[in-house]
1. With the condition kept exactly as written, say whether any residue in segment 42-54 is at pLDDT 95 or above, touching a helix residue (DSSP H, G or I) at 6+ places or on another chain (Cβ under 9 Å), within 11 Å of the ligand (Cβ to nearest atom) and charged (D, E, K, R).
2. Name every residue in segment 130-172 that is among the hydrophobic types (A, V, I, L, M, F, W, C) and exposed (fewer than 15 other Cβ atoms within 10 Å of the Cβ), in order of residue number.
3. Does segment 391-400 contain any residue that is closer than 20 Å to Ala23 by Cα, open to solvent by 10 Å² or more (accessible area, probe 1.4 Å) and more than 10 Å from the ligand (Cβ to nearest atom)?
4. Can Gly97 be described as under 27 Å from Gly276 (Cα atoms), at pLDDT 95 or above and surrounded by 15 or more Cβ atoms within 10 Å (Cβ to Cβ)?
5. When the residues of segment 347-372 are filtered to those that are in a loop (DSSP other than H, G, I, E, B) and in contact with a strand residue (DSSP E or B) (Cβ under 7 Å, 6 or more places away or on another chain), which remaining residue is most open to solvent (accessible area, probe 1.4 Å)?
6. Run Glu91 past the list (1) open to solvent by 40 Å² or more (accessible area, probe 1.4 Å); (2) assigned to a loop (DSSP other than H, G, I, E, B) and report the number of the one that doesn't hold.
7. Go through segment 146-193 and give me each residue that's of a type in the set (Val, Ile, Thr), assigned to a helix (DSSP H, G or I) and under 21 Å from Glu285 (Cα atoms).
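The values are calculated or read from the model by the stated rules, or taken from the named source; none is laboratory data. Being a predicted model, the structure only gives us computed values, none of them experimental. Here the Cβ positions follow ideal geometry from the backbone for every residue, glycine too, while neighbour counts run over all protein chains shown. Ligands, DNA and RNA are excluded from the accessible area calculation, which covers all protein heavy atoms including side chains. Shrake-Rupley method; radii C 1.70, N 1.55, O 1.52, S 1.80 Å.
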Amino acid sequence: MSGGPGDLVVVIGAGPYGLSVAAHLRAAGARVRVFGEVMGSWRHAMATGMFLKSTPAATDLSAPVPGGRLADFCQEQGEPELTELTPIPCEVFVGYGMWFAEQFVGEVEPTRVVFVERAGAAFSVQLEDGERVAAAAVVVATGLAPLAYIPGSLLTLAPHGAGPEAALSHTSHHTDLSRYAGQRVAVVGGGQSALESAALLHEAGAQVQVLVRAAQVRWGAVPVLDRSLAERLVRPASPLGTGWALAGLCRAPHAVRCLPAPARMLVFRRALGPSGGWWLRERVEGIVPIRTRRRIEHARLHGGEALLRVSGASDDRTVDGRAEMAVDHVLAATGYRIDLDALPFLSPRLREAVACVTGSRSPSLSAAFESSVDGLYFTGSLAAPMFGPMLRFVAGTAFAARRISARLTRTVPHR
Ligand SMILES: Cc1cc2nc3c(=O)[nH]c(=O)nc-3n(C[C@H](O)[C@H](O)[C@H](O)COP(=O)(O)OP(=O)(O)OC[C@H]3O[C@@H](n4cnc5c(N)ncnc54)[C@H](O)[C@@H]3O)c2cc1C
């Protein structure tokens, strides 16, 4: 084990949340080790050609001093200025994260954490290369990738595990969708990931269709740059969109935490339904077939094809006497589930010790993002069931990083 736990804080994950909390902690003089590849999921779990759905003003990482906004990066790099009417290319956001790490974080160790367990009052953190680190506190900022969700009805298509090579994959498995050029692909889901993947697949030469459970697909409204005072009063702006409900959730995430658990879970599940970005609409509507009110009842492999029995479908071909849709690949754009048990690096004993929000496997957290295990913190999407939907997005980094850093610099002795 390298060193005693002393004052060391370990941050697991170097995406927007891990980088922001590490920047604040280091600026406050805390001793921090940050593990993970900088912007790893944005480099390896997002399709090439993707754009961000959030607006530039809602996409700032949180720096402890001025000068760390996306706009500052663009200005310094000579990138064109971004407005609400210019979707942010994924590669610009990756560049911004890497610049932010250099400017405000310092050393990030590109190693994965493979195991974390309690060691007395501290933690033992094991790295991929075998090193064991003793830490006084651990901040889990591992994002969505470990939480990818595929409905059970599809899993029969990938008996050896879902992935790009199998007949079934999840959107988080891909950086390059052009591998499906010339193939028939069914995209399952009706949110941004489904619709953007469908556009990219179509543009790469795949025969794609989108299967959506809902009666219709929703699209974001084109932003209006100069809104009148009356318009702003009726529908105030927020990082997640316009309207009083979203503005309230973004202004007061601490108040969301004080709601009764069932109300909080309702806010978490319902506040932002699936929809496509306004700028994506012209690449999908009338171009890619979108089949609504479709639910996959059964899926099977047959002679190298994926056969889907879909409720509400009347136009499928008959295979072995059953009406089924035949495709070469099924892409599940079915989102993510907050589930502590999907974090394999937390020891089973540690997972059991973490108190969860009633009726869920999402961690119950203090106002400073600390779980019921002293010194173990969760941030980003893992904290969204406590603090509301803003924590699912980059816009929540400032709220989380300030609170975690303030708490840790009070409780963990530092230089
Ligand atoms: C397709 C898609 C599009 C999105 N678009 C937007 C958008 O436009 N705007 C927006 O605000 N949000 C968007 N989001 C949500 C987005 O994930 C978050 O806003 C943001 O990335 C959260 O940052 P994070 O640091 O919590 O997670 P991540 O960015 O996922 O970073 C977590 C990091 O932890 C690393 N990690 C995981 N396990 C370990 C381990 N054991 N050891 C070391 N490192 C580990 C991962 O490799 C990853 O790099 C999108 C999400 C997806 C999936």
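1. no
2. Here is the first cut: in segment 130-172, the ones among the hydrophobic types (A, V, I, L, M, F, W, C) are 133-141, 144-145, 147-148, 150, 154-155, 157-158, 162, 166-168.
Correct list: Leu155 only.
3. Yes: segment 391-400 contains one or more residues that are closer than 20 Å to Ala23 by Cα, open to solvent by 10 Å² or more (accessible area, probe 1.4 Å) and more than 10 Å from the ligand (Cβ to nearest atom).
4. The answer is yes for Gly97.
5. Within segment 347-372, the match that is most open to solvent (accessible area, probe 1.4 Å) is Ser364.
6. (2)
7. Scanning segment 146-193 gives a single hit, Thr171.
Rundown of residues vs (1) farther than 18 Å from Arg291 by Cα; (2) not β-branched (Val, Ile, Thr), yes/no style:
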residue: Asp176; (1), (2): yes, yes
residue: Tyr180; (1), (2): yes, yes
residue: Gly191; (1), (2): no, yes
residue: Glu196; (1), (2): no, yes
residue: Val217; (1), (2): no, no
residue: Val222; (1), (2): yes, no
residue: Asp226; (1), (2): yes, yes
residue: Leu233; (1), (2): yes, yes
residue: Arg251; (1), (2): yes, yes
